[in-house]
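The values are calculated or read from the model by the stated rules, or taken from the named source; none is laboratory data. Only a predicted model underlies this, so the values are computations on that prediction, with no experimental measurement involved. Here the Cβ positions follow ideal geometry from the backbone for every residue, glycine too, while neighbour counts run over all protein chains shown.
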Amino acid sequence: MLLVLQLLIHPVTFIFVILPLLSIVLGALLYKSKWLSVLFSFFIPPIFFIIVSGWDLRVVLISFDAWILYGTFYSILSYITVMIIRRRKKLQ
């Protein structure tokens with residue numbers, strides 16, 4: 001049990017597993033307004049980086065390019081989820 005908790009708290013697990021799943025869930029929940037889910041998914045990484053860095057603005061600005069890339073990736077995941085759900089709804 002302790003190993004599972006340590007894996008969930010680890011930042012790499014958060015960035016590569018939990019946050020992409022969160023962006024897919026946001027896309028699924030907010031499929032009616034596709035741009036809202038994409039916008040939320042884009043701002044997931046900076047919020048995570050701010051919380052992890054302990055509200056240190058200097059560290060957040062140093063990792064600015066990383067959160068732009070991660071935000072773009074998560075937005076694409078959310079957009080793909082929205083498009084898949086809309087296509088399935090249209091076919092029914």
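Just one residue in the set L39, L57, L61 is of a type outside the set (S, T, N, Q), surrounded by 15 or more Cβ atoms within 10 Å (Cβ to Cβ), farther than 17 Å from V12 by Cα and out of contact with any helix residue (DSSP H, G or I) (no Cβ under 6 Å at 6 or more places or on another chain); that residue is L39.
Residue count for the range 29-64 satisfying the condition of being assigned to a loop (DSSP other than H, G, I, E, B), at pLDDT 85 or above and among the hydroxyl-bearing types (S, T, Y): 0. Sub-7 Å Cβ pairs linking a first residue in the range 2-16 that is at pLDDT below 70 to a second residue that is of a type outside the set (A, V, I, L, M), at least 6 apart or interchain, are L7/T13, ordered by first then second residue.
Restricting the search to the range 64-76, which residues are closer than 19 Å to V17 by Cβ and either surrounded by fewer than 19 Cβ atoms within 10 Å (Cβ to Cβ) or not hydrophobic (A, V, I, L, M, F, W, C) (or both)?
At the first step, the residues of the range 64-76 found to be closer than 19 Å to V17 by Cβ are 66-67, 69-76.
Matches in the range 64-76: A66, L69, Y70, G71, T72, F73, Y74, S75, I76.
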